[in-house]
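All of the numbers you see were taken from the coordinates with simple rules; none came from a lab. Computed from a prediction, not measured in an experiment: that's the story for all the values here. Here the Cβ is made from the backbone with ideal geometry for all residues, glycine too, and neighbour counts use every protein chain on show.
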Amino acid sequence: MIEVRNLIKEFGNFRAIDDISFTVNKGNILGFLGPNGAGKTTTMRIITGFLNATSGSVKVAGYDITEHPMQVKKKMGYLPETPPLYNEMLVKEYLKYVAELKDVNSKKISYSVDKVVSLCGLEDVKNRIIGNLSKGFRQRTGLAQALINDPEILILDEPSSGLDPKQIIEIRNLIKSLAGERTIILSSHILPEVQMTCESVIIINKGKIVAVDHQNNLSKYLSGNNSYEMTLSKLNKKIIGFIKDFDGVLDVQIIPNKKNAISIDTKPNKDVRSQIVKMMVDNDYEILEFKNKDVTLEDVFLKLTTEEVHNI
Amino acid sequence: MRKILVIARKDFKTYFISPIGYLFLSSFLLIVGFMFYQRLIFFVRQSNIMSQTGQNVAVSLNDVIIKPLYGTINLLFLFLVPLITMRLIAEEKKQKTMELLLTSPITTNHIILGKFTSAMMLIALTLVCTLTYPIILYFGGNPDMGQVFTMYIGLVLLSACYICVGIFWSSLTENQIIAAVLTFISLLFLWIIDWAAQSSGQLLGSIIYYLSIMRHFESFGEGTISFKDTMYFISFCIFVLYLTYLSIESKKWKK
C-alpha cells in the first residue's frame, strides 16, 4: 500500500533522512519510533506530499506522490504534529470545511461530520470555538479532521501528544479499531505506545532506520532481555560477590541514584530468578523488590546500535 | 472551480468573524461618505455662484464630484488593501494550517485563487456600497453614468492588482505586519514610479512610464475601456500570482 524507496531529504547541509526504505501492507499499522529529531515528521511530511524529497520515491496505492499527488491525497488522512486548526472557527464548521476541501460528497458532508464527531468524542464541544478548546480536544479535533474523508491511509504524527492518560488509552483503542481496512502509519517517541498499537515497528534514529521489526518481536525482545533489578534492605560487597558467583549470572552492578539497588544480568535461555531468591532468603538477605528492568527507548537504541543486530 | 469557492467562502467569512472586515468597510465608507458630502456642498455652492453672477458655464457633476470621489476610493484602497490581504497566507502558515491545505486534494492554484477571490469579494462588497453616491446623483442631477461605469471597471482591475501584491507578500512571511508593510510600500512605489520616468532617459523613461499603475487607470477615469490598459492589469495579476505560486511551491523543497 505504501512503498518508500531510498528516501533522502536534506535541509541545506543537514541530512534529515538518510536513505530510508520500507513498505507497509494494506491493513497494517506501522509504528515509527524514534527520539525527537530522528526524522519521523519529515518522513511523514514527504509521504503526505507536504515536502518533496531530495531523492528517492514514495508510492501510495501504486501512485507516485510527486507525479499523481491528487490521487494520493484523496486517499489520505493526515494529522500533523501540530493539529492544523483555525482558532476562530467552530469545531463543526471546521470539520465541514475540511470535508469540502477533501472532496467528500456534498450530500454526505453532514453525515461524515456527525460520524467523526461521535468517533472522536467531540459531541460536547462541537459548537465551541476551536481557539477555546483544551489541548486534548484540539488533538481530537485534529484526528477527526484526518478521518473525515474516510481515508484508506492514515498518517498520524504523535497522535497521543498532549492527552491525559485516560484519553491516551481512548485514542489508542480508537486507532486500533480504525485498522483492518485502513493502512496506518503513526509516529511516537513512547515505546509502550508503539508496542501496544502497532503490528510492525520501524525504529529510526538520526535519519536512519536502526531496526525493523515485523513479527512484533520487539516486546518479547524487550521483556526477555534477562536483565533484572533488585532492591535490598542493605547492600555490601559481600552480597554483590555472592550473587556474582551464582551460576548463570553474568554481571551485577550497583544502580546509581537508587538506594540499595543492583542490576543483575543473567545468561539468556536460563531463568535463574527463583534460585537467586531462594539462596538470598536462605542466607538471610532481605529482598524488598525484584523485577524486570525497565527498558527505555534509550536502552533499545544503545542495544541496537552497539550489538550491530539490525534485524531483531 | 468548486474548491476555489470553498476556500474563498471560508476566508470571506473569516473577515467578518474577526473585526477586520467591519473595520475595513466602516472606515472606508466613513471617509468616502465624508468626501462625497464635501464635494457635493462644493458643487452646490459653485453652481449657486455661477447662477448669481449670471455666468452660463456648465459645471460638470462628473468632474467636480465623481472623479475626485473615485480618486479617494483608489487612495483608500492603497492604504486598506494591505490590511485585508496580510492575513491570507501568512496566518495559514502561522497556525500550521498550510499543512492541511497542501496535503488536501487541492492544488496550489486552488489555494491562491481562493484567497484572491475572498479578498475580491470584500472589495466588491465595498464597491457595491459606494454605488449609493452615483445613484443619489442620478436622481438629483444628470451625471454621465457611462463614465461611472468605466470607473468601476477600472477600480475592480486596480484593486485586483493590489490584492495580488498583498497575497504575494503574505506568502513570503508568517508575520502579518511585515506582509502588510511590504504590500503598502510596494503599492506606493508602483504609484510614484512615474516620477522617475521624467528624470530618466528616453527608453528607460518609457519603460517606467509603462509600468506605472496609475497611468493605466487614467483611461478608465476618462470614460473609456482601453484594451491595452485592461491587458496590463490582467497580465500584472497573472504575473504576481505566478510569483506567489513559486513562493509556495518552493517551500516544499527546502525548509
Toy charge model, Lys and Arg Cβ at +1, Asp and Glu Cβ at -1: the range A:1-157 dipole around Cα centroid in debye, rounded to 20, equals 280
Please list, or write none, the lysines whose alpha carbon is within less than 28 Å of the alpha carbon of A:K238, excluding same-chain residues fewer than 8 places away.
A:K258, A:K259, A:K267, A:K270, A:K278, A:K291, A:K293
For A:84-93, mean number of other protein chain Cβ atoms within 10 Å
4
Based solely on C-alpha atoms, express the radius of gyration and the Dmax of the range A:114-248 in angstrom.
21.2, 68
Compute the Kirkwood hydrodynamic radius of the range A:242-290, taking the inverse of the mean of 1/r over all pairs of distinct Cα atoms, and give it in Å to one decimal.
11.6
Hey, how many Å between the Cα centroid of the range A:22-64 and the Cα centroid of the range B:195-255?
43
How crowded by other chains is B:102-114, given as the mean number of beta carbons from other chains within 10 Å of each beta carbon?
5
Please list, in order along the range A:251-261, the HN-Hα scalar couplings obtained from phi with the Karplus expression 6.51 cos²θ - 1.76 cosθ + 1.60 (θ = phi - 60°), rounded to whole Hz, x for Gly and Pro.
8, 10, 9, 6, 8, x, 6, 10, 6, 6, 10
Listed residue (A:I169, A:N257, A:I17) projecting farthest to the positive dipole end of chain A, Cβ model:
A:I169
Filter the trypsin sites (Lys or Arg not before Pro) in the range B:1-104 to those in DSSP coil with at most 16 other Cβ atoms within 10 Å of their Cβ, and list the result.
B:K96
Under a Cβ-only charge scheme (Lys and Arg +1, Asp and Glu -1), can you give me the dipole magnitude of chain A about the Cα centre, in debye to the nearest 20?
440
For the charge dipole of the protein assembly as shown, defined by +1 on Lys and Arg C-beta atoms and -1 on Asp and Glu C-beta atoms about the Cα centroid, which residue among B:F43, A:F290, B:M98 has the Cα displaced farthest towards the positive pole?
B:F43
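What FRET efficiency would be calculated for the residue pair A:L288, A:E81, taking the C-beta separation as r and a Förster radius of 51 Å, to the nearest 0.05?
Calculated transfer efficiency: 0.75.
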What one gets for chain A as the Kirkwood radius, inverse of mean 1/r over different Cα pairs in Å, is 22.0
Put +1 on the Cβ of every Lys and Arg and -1 on every Asp and Glu Cβ in the range B:1-121; which of B:F116, B:L80, B:V64 then has its Cα farthest towards the positive end of the dipole?
B:F116
Taking amide H positions as placed 1.01 Å from N in the peptide plane, with prolines and chain starts having none, which residues 5 or more places from A:Y78, or on another chain, fall under 5 Å of its amide H?
A:I155
Explain nothing, just compute: Karplus ³J(HN,Hα) = 6.51 cos²θ - 1.76 cosθ + 1.60, θ = phi - 60°, for every residue of the range A:64-73 in order, whole Hz, x for Gly and Pro.
7, 5, 7, 8, 10, x, 5, 4, 5, 5
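What is the average number of partner chain Cβ atoms found within 10 Å of a Cβ in A:7-20?
Working: counts 0, 0, 3, 1, 2, 2, 0, 1, 0, 1, 0, 0, 0, 0.
Mean number of neighbouring Cβ atoms from other chains: 1.
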Magnitude of the Cβ-charge dipole (Lys and Arg +1, Asp and Glu -1) of the protein assembly as shown about the Cα centre, nearest 20 debye, reported as 460
Shape call for the range B:82-224 from the C-alpha gyration tensor, a ≥ b ≥ c root eigenvalues: rounded (a/c under 1.5), prolate (a/b greater than b/c) or oblate?
oblate
Relative packing of B:196-207, A:115-126, which averages over residues the other C-beta atoms within 10 Å, highest first
A:115-126, B:196-207
Amide H neighbours of A:T66 at under 5 Å, excluding residues fewer than 5 places away on the same chain, with H built from the backbone geometry, are A:V58
Unsatisfied cross-links (Cα-Cα over 25 Å) in the set A:K208/B:K94; A:K26/A:K96; A:K126/B:K96; A:K73/A:K206; A:K115/B:K251; A:K9/B:K10
A:K208/B:K94; A:K26/A:K96; A:K73/A:K206; A:K115/B:K251; A:K9/B:K10
Once phi is turned into θ = phi - 60°, what whole-Hz ³J(HN,Hα) does the Karplus curve with 6.51, -1.76 and 1.60 give for every residue of the range B:100-106, x standing for Gly and Pro?
5, 4, 6, 9, 8, x, 9
Which whole-angstrom value gives the distance between the alpha carbon centres of the range B:130-160 and the range A:130-185?
54
Near the amide H of A:I2, under 5 Å away, which other amide H atoms are found, from residues 5 or more places off or on another chain, if H is placed in the peptide plane?
A:V24, A:A61
